[in-house]
4 protein chains.
Amino acid sequence: MDNLETTINQISPEKAITQLSKKQQAVLKASLSLFAKVGYDRTSTYEIAKLAGVSEGTVFSQFKTKNQLLHAILEPFIGEILPMAASDFINQLQTTSLPHFEDFLNYIVHDRMSFVMSHRSEFKIFVQEMGRNPQLLIMLTERLNTLINRRLSEMLRFYQDKGELITWDPMRISRYIVSVILGYLLPNTLMSDEPLVIEQQTRECVEFLMRGLSA
Amino acid sequence: MDNLETTINQISPEKAITQLSKKQQAVLKASLSLFAKVGYDRTSTYEIAKLAGVSEGTVFSQFKTKNQLLHAILEPFIGEILPMAASDFINQLQTTSLPHFEDFLNYIVHDRMSFVMSHRSEFKIFVQEMGRNPQLLIMLTERLNTLINRRLSEMLRFYQDKGELITWDPMRISRYIVSVILGYLLPNTLMSDEPLVIEQQTRECVEFLMRGLSA
Amino acid sequence: MDNLETTINQISPEKAITQLSKKQQAVLKASLSLFAKVGYDRTSTYEIAKLAGVSEGTVFSQFKTKNQLLHAILEPFIGEILPMAASDFINQLQTTSLPHFEDFLNYIVHDRMSFVMSHRSEFKIFVQEMGRNPQLLIMLTERLNTLINRRLSEMLRFYQDKGELITWDPMRISRYIVSVILGYLLPNTLMSDEPLVIEQQTRECVEFLMRGLSA
Amino acid sequence: MDNLETTINQISPEKAITQLSKKQQAVLKASLSLFAKVGYDRTSTYEIAKLAGVSEGTVFSQFKTKNQLLHAILEPFIGEILPMAASDFINQLQTTSLPHFEDFLNYIVHDRMSFVMSHRSEFKIFVQEMGRNPQLLIMLTERLNTLINRRLSEMLRFYQDKGELITWDPMRISRYIVSVILGYLLPNTLMSDEPLVIEQQTRECVEFLMRGLSA
DNA sequence: AATGAATGAGTTTTCATTCAT
DNA sequence: CATGAATGAAAACTCATTCAT
């Protein structure tokens, strides 16, 4: 069911990333790990080089600046991984027959939890950078708006028409779904590093959301 | 109703903070502002001095290091503002007659939103630091646990016994309340800097929570 | 016998030093102690103020700069204590009847050891500064030359004429006497801080010098 | 005869020091020169960089702190140069046939004077630091004790048994020899920077010591 | 491409000194 | 005179970035 467990390299095989040599991949991996753990600003290029097992010069041979390294992580995340995940997600949703809102909720809660869990590091970096660079949030929001919201709204309206979902503004409904999911993910996943039993959490989540959102 | 709109200086007039000279207060204020806006790491002590209108030496005369400046902001927040707010909040709750769960929800959602809004900067800094220093979250959680949770649980059980609140684990109920509140606060307040119409948001919030949580 | 146990304040009662207030004396004493212990450069005016129990401003009210504080210690030492000690010493020598060279040696070895021991701190500071400011040594040498050497040379010649002292250049003889005394003082006194049993050391010293220097 | 005129680089060609690049050697050389001339505390890393003809960053690329720079100078001196010199010196003494105590004295006085003269800068720095860090003296004393004193004592006893040397404690005899040598070296060499005519000084030195120490 | 020594601008920090109270 | 907050110049140190090898 989870079609999102895509690694960075599986995403766009013909693009920049797979052209990267072993060393460059190590650099990217080391950056991802360190940026997520201690933050972009507290990670020095020396530490990246050390963790990647390369020289400091090598860190800069592919990515000209430290900031490009950050973007090399975040851009595919915002520009490819998230949208692709979103498309896949939406497509999957549409082709999957989910006759009832509860099935729908079950599906998306579980799927999104899995997705975030499998991209924990990127999320942490994204969240941290968002704190300083609100433009990131705007970029993300716009992308998701065009990709998801219209089609998601259609779906929500489908269940509203069926009388299974409260007739609030779909944006408002989305906000609650996202909030409750993040309420589980943020403390357990982004802040600490404990594993998360997705199935159990999903059940709880859906139980609450069904009460709050069914017509 | 909101007894929490206490500024830093109103908190402990006889303690450290009011001993600070005008210039030192300016330093603290400038740091608070810059740390919140661009983050601790991207704020130089030179910029703090410039914004505070003092010399760079002055930045270090009271707070010996830049990191102490951060702690001078966060510690009263974690150690005094939050707990005092929590106590006030709980006491207020207990002395206020809130016969129905909906009154209770209305009260806490509005109060907490107001509180966060009035300490926006501190929250932003706290959230940013939390991303790198998970220990902060643990400190906070422990403090809040001892201060709030037991008494909050009692109150929730009061409404559960009255048959107005679903008989889930009070911790789980708290999580949903917090999640939904943050779902409103984070995007509008912490990430961007737009003003927030608390009354409207509170009403929406409570409406949803009542559906999800009433027995 | 030891006429040199003069404290700073006993030296020039009509001059600056006794005009000093209690606080200023404390400053001077603290400086002396810290300069001797950790060196001039590693002593901050803040530490002087703290040890003296005064404010930092007070450190500068009498002595305009930190360097003047150093000179306030060294100048009386070079300009007054040492010469006065030297005069006293020479006068004492001349008025004291020391018919034999061995008596003479005994006297000066014991007296100089006592003198250095009672001005240990000043000596330490002087030696340390000398390493960086060779001019100090020149100043000292010139002063001692005019004050002592001529008259000391006369005395040495007295014993040479009596056939009790080898007929080397008096300067050379002085050098050996000084070297051997310092050979005892430097390790035990200036470098470490152990007490020194002067009588025992004097006897050893004189025994060796008598062998090396008697005619 | 003087086997001790070893420069820093001749000491351990395969070790740390020769791994240093040209620029790093320049940094070390500049530090040595400035520390000796004006003292560690009065030498700024900027001045070191300027004298070495490198950027200030380079000063810190190899030696992480200014203090490590000091240790990079002193440690090989205490840990390698002195002990090696000591061993060489003792070995040389043992293999050289020195039938009479006067030959022995002549040899060591000349050799030690040459050694100190060829490491003047290191000695100056060492002496200066010793004034503030008495632990240095302890380190040195312990090293020399284990390396030299036992074997030197044996040699002295050899001449005592031959009836050419006074039967004092060898430690006491060493103290006089060292004192008299330093009596020549300190004023002429360490304090000022004038050259020293070793042969002449050696002759005077030995003449006095022979009188004082022969049986 | 990879290396790592070198760079230099920027940052934090120290501290002697000043000055209003 | 005494105080101690304020100053600012200078110091040590960091680190992203460059470049010769």
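Overview of values
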item	result
Helix axis angle, D:150-161 relative to chain D longest principal axis, alpha carbon, degrees	20 degrees
Accessible-area composition of chain D, carbon plus sulfur, in percent [1.4 Å probe]	55 percent
On Cα atoms only, tilt of B:22-38 relative to the major axis of chain B in degrees	60 degrees
Backbone HN-Hα couplings from phi across segment B:81-89 [Karplus 6.51/-1.76/1.60, Hz, Gly and Pro as x]	4, 4, x, 4, 4, 4, 4, 3, 4
Estimated vicinal HN-Hα couplings, Hz - segment A:166-174 in sequence order (Karplus 6.51, -1.76, 1.60; Gly, Pro = x)	4, 8, 8, 4, x, 4, 5, 4, 4
Distance between modelled label sites at C:S61 and D:K64, nm, 7 Å Cα→Cβ extension	4.5 nm
Placed amide H near B:V54: partners under 5 Å, 5+ positions off or other chain	none
Shielding score for D:166-178, defined as the mean number of other chain Cβ atoms within 10 Å	2
Net length gained if the chain between D:L51 and D:L144 were fully extended (0.36 nm per residue, minus Cα distance)	30.1 nm
Three principal axis lengths of chain B [C-alpha, angstrom, descending]	62, 34, 30
Length added when fully stretched, B:H100-B:H71, from 0.36 nm per residue minus Cα-Cα	6.4 nm
Peptide C:180-187 - average C-beta neighbours from other chains (10 Å radius)	4
For segment D:197-209, Karplus couplings with θ = phi - 60° (6.51, -1.76, 1.60), whole Hz, Gly/Pro x	8, 4, 4, 4, 4, 4, 4, 4, 3, 5, 4, 5, 5
CD proxy at 222 nm, helix term only [per DSSP H run n ≥ 4: -39500 (n - 2.57); per residue of chain C; nearest 500]	-21500 deg cm²/dmol
Cross-link table B:K22/B:K66; A:K37/A:K66; A:K23/D:K29; A:K66/B:K64, entries beyond 27 Å C-alpha to C-alpha	A:K23/D:K29; A:K66/B:K64
Fraction in percent of alpha-carbon pairs per bin - 10 Å, the protein assembly as shown	2, 9, 15, 15, 13, 10, 10, 10, 8, 5, 3, 1, 0, 0
Probe 1.4 Å, protein heavy atoms only - accessible area per residue of chain D in square angstrom	47 Å²
Heavy-atom accessible area, 1.4 Å probe, ligands and nucleic acids excluded: residues of segment A:101-131 down by at least 40 Å² from chain alone	A:Q128, A:G131
Segment B:72-182: proportion of alpha-carbon pairs further apart than 23 angstrom, %	30 percent
Ellipsoid equivalent to segment C:52-137 - semi-axes via the Cα gyration tensor, in Å	34, 14, 11
Degrees, to the nearest 10: C:134-144 long Cα axis against longest axis of chain C	50 degrees
Exam field: D:N91 pseudo-label spacings to other copies (7 Å along Cα-Cβ), nanometres	6.1, 7.9, 8.2
Interface area, D with C, accessible, probe 1.4 Å, both sides summed, Å² nearest 100	3200 Å²
Chain C, relative contact order [Cα under 8 Å, separation at least 6], %	22 percent
Solvent-accessible area lost in complex, 50 Å² minimum, residues of segment B:198-215 relative to chain alone, 1.4 Å	B:F208, B:R211
Scaled radius of gyration (Cα, divided by 2.2 N^0.38 Å) that segment D:137-215 gives	1.24
Length-normalised contact order for segment A:109-215 - Cα pairs under 8 Å, 6+ apart - percent	40 percent
Averaged over B:29-36, number of beta-carbon atoms from partner chains that fall within 10 Å	0
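The values are calculated or read from the model by the stated rules, or taken from the named source; none is laboratory data. Note that this is a predicted model, so its numbers are computed, not measured. Every residue, glycine among them, receives a Cβ derived from its backbone with ideal geometry; neighbour counts consider all protein chains shown. Ligands, DNA and RNA are excluded from the accessible area calculation, which covers all protein heavy atoms including side chains. Shrake-Rupley method; radii C 1.70, N 1.55, O 1.52, S 1.80 Å.
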